[in-house]
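Chemist: Below you'll find the structure I mean.
The values are calculated or read from the model by the stated rules, or taken from the named source; none is laboratory data. Since we're looking at a predicted model, the values are computed, not measured. Note: ideal-geometry Cβ built from the backbone for every residue, glycine included; neighbour counts use all protein chains shown. All accessible areas refer to the heavy atoms of the entire protein, side chains included, with ligands and DNA or RNA removed. Shrake-Rupley method; radii C 1.70, N 1.55, O 1.52, S 1.80 Å.
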Amino acid sequence: MQDYTGKVVAITGAAHGIGAELARRFAAAGAELALADVDGATLAALAEELVATGTKVTSVELDVRDAAALDGFAAQTFQAHGGVDLFFNNAGVISAGTVWEAPLADFRWTIDVNLFGLLNGIRSFVPRMIAQDKECHIVDTASIAGLLVVENSPAYVASKFAALSLTEVLDLQLQQVGAKLVAHAVCPAVVQTDLDQCNSYRRPDEYDPSDPYYATPDYQQRWAVVKGSLPYGLPVADAVEIIIDGVETNQFVILTHPAYNPAIGGRVASLLAGAHPALVKR
């Protein structure tokens, strides 16, 4: 990892998982940090921890679906730190269910956070970062689920395919305007995070845990796949090391799990052959 003394790193979804580990790594490397998360209490504890190490930290509790709040976060970051060298557009959530049975609220929430939250981050930070007229980076968190389809999490898969393609278009358009800002898309497979706890941060007016669907065997089995996979994922520290190396070596798509590369190639071959998608054997 390079020396980031004097650099500024902004991160959404900073209180947990990959976001929190990114914050700790860049703090240790000398960077100043601007952090945002919907979980204000955990974010405040992280900020306090990092300030105690001598790191300059600003933090904001916000929901990335709130475009005005994200724009305010970007404005505050530029005012407090004088610019941004790396922006990790990282916040994300997951849901599970059958396409024709899962509550529509789950689709709206998942797509709003994973796609429109990403878009809000782009629209808030990119114009300011372009205007700096210096080398800098935006790193969007997509997923291996933006490259490979699995059957348990339809809204998540749809949102991550959209997130990856949005970032590809962003990179092309940054090239088109001659910007010194470079885009990257992180596509991790399963990482040992607490992603399965994201329902606890949903607003009561948009989530009804007593919905009968959540008690069905269909949902229980699908959610068990999500929850049960996390302890067997890549350690967060290892994933973050790969992500940072990918940014530093100017990779566009940053893959954290090379074991899936043959499956990605196989998906392309299946598409060209017109084949139906194959169920994952568990």
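Chemist: At 222 nm, what helix-only mean residue ellipticity would the chain give, in deg cm²/dmol to the nearest 500, using -39500 (n - 2.57) for each DSSP H run of four or more?
Modeler: Theoretical 222 nm ellipticity from helices: -14000 deg cm²/dmol.
Chemist: Out of Gln176, Phe87, Pro262, whose Cα points farthest toward the positive end of the dipole of the chain (charges: +1 Lys, Arg; -1 Asp, Glu; placed on Cβ)?
Modeler: Pro262
Chemist: Could you work out which residue, out of Ala183, Ala36, Ala75, moves most in a Gaussian network model of the chain, that is, has the largest mean-square fluctuation with Cα springs under 10 Å?
Modeler: Maximum fluctuation in the GNM of the chain, among the listed residues, is at Ala75.
Chemist: Return the sequence-ordered ³J(HN,Hα) values of the stretch 66-72 in whole Hz as given by the Karplus equation 6.51 cos²θ - 1.76 cosθ + 1.60 applied to θ = phi - 60°, using x for Gly and Pro.
Modeler: Couplings: 8, 4, 5, 5, 5, 5, x Hz.
Chemist: Just reorder Asp3, Asp37 by solvent-accessible area, largest first, 1.4 Å probe, all chains present.
Modeler: Final ranking, largest accessible area leading: Asp3, Asp37.
Chemist: Convert 4 °C to kelvin, take the viscosity as 1.567 mPa s, use the Kirkwood radius over C-alpha pairs of the stretch 146-282 as Rh, and evaluate the Stokes-Einstein diffusion coefficient in µm²/s, rounded to a whole number.
Modeler: Value of D from the Cα-based Kirkwood radius: 74 µm²/s.
Chemist: Using each residue's phi in the stretch 161-176, evaluate 6.51 cos²θ - 1.76 cosθ + 1.60 at θ = phi - 60° and report the 3J(HN,Hα) Karplus result to the nearest Hz, with x for Gly and Pro.
Modeler: 4, 5, 4, 5, 5, 4, 5, 4, 5, 4, 4, 4, 6, 5, 4, 4
Chemist: So how strong a dipole does the chain carry about its Cα centre when Lys and Arg Cβ are +1 and Asp and Glu Cβ are -1, to the nearest 20 debye?
Modeler: The dipole magnitude comes to about 540 debye.
Chemist: Could I ask something else about it? In the stretch 26-79, if the dipole is taken from +1 on Lys/Arg beta carbons and -1 on Asp/Glu beta carbons about the Cα centre, which of Gln76, Ala29, Ala41 is farthest to the positive end?
Modeler: Projecting each Cα onto the dipole axis, the largest value belongs to Ala29.
Chemist: For the stretch 77-192, what is the charge dipole size about the Cα centre, in debye to the nearest 20, if Lys and Arg each add +1 at the Cβ and Asp and Glu each add -1 at the Cβ?
Modeler: Charge dipole of the stretch 77-192: 260 debye, to the nearest 20.
Chemist: I've got another one for you. Kindly write out, for the stretch 127-138 in residue order, the coupling ³J(HN,Hα) from the Karplus curve 6.51 cos²θ - 1.76 cosθ + 1.60 (θ = phi - 60°), rounded to whole Hz, with x marking Gly and Pro.
Modeler: These are the phi-based 3J(HN,Hα) values: x, 5, 6, 4, 5, 5, 6, 8, 4, 7, 9, 10 Hz.
Chemist: If I build a Gaussian network model for the chain, linking alpha-carbon pairs within less than 10 angstrom, which residue out of Ala80, Ala259, Ala34 has the largest mean-square fluctuation?
Modeler: Ala259
Chemist: Taking all protein chains together and a probe of 1.4 Å, list Leu62, Leu195 from the most accessible to the least accessible.
Modeler: From most exposed to least exposed: Leu195, Leu62.
Chemist: At a 1.4 Å probe radius, which order do Arg108, Arg267 fall into by accessible area, largest first?
Modeler: Arg108, Arg267
Chemist: For the chain, take the longest principal axis of its alpha carbons; what is the angle in degrees between that and the long axis of helix 261-273, to the nearest 10 within 0 to 90?
Modeler: 60
Chemist: How many angstrom lie between the Cα centre of the stretch 27-89 and the Cα centre of the stretch 234-282?
Modeler: 29
Chemist: Pick from Gly97, Gly72, Gly121: which is most flexible by mean-square fluctuation in a GNM of the chain where alpha carbon atoms under 10 Å apart are linked?
Modeler: Gly72
Chemist: First obtain the Kirkwood hydrodynamic radius of the chain from its Cα pairs, then insert it into the Stokes-Einstein equation at 37 °C and 0.692 mPa s, and state the resulting D in µm² per second as a whole number.
Modeler: Using the Kirkwood radius from Cα pairs, D works out to 170 µm²/s.
Chemist: For the chain, what number of Lys pairs, 8 or more residues apart or on separate chains, have alpha-carbon atoms under 23 Å from each other?
Modeler: Pairs that pass both the separation and distance tests number 8.
Chemist: Once Lys and Arg get +1 and Asp and Glu get -1 on their Cβ, which of Ser210, Val51, Ala189 lies farthest toward the positive end of the dipole of the chain?
Modeler: Value: Ala189.
Chemist: Magnitude of the Cβ-charge dipole of the stretch 112-154, K/R +1 and D/E -1, about the Cα centre, nearest 20 debye?
Modeler: So the magnitude is around 180 debye.
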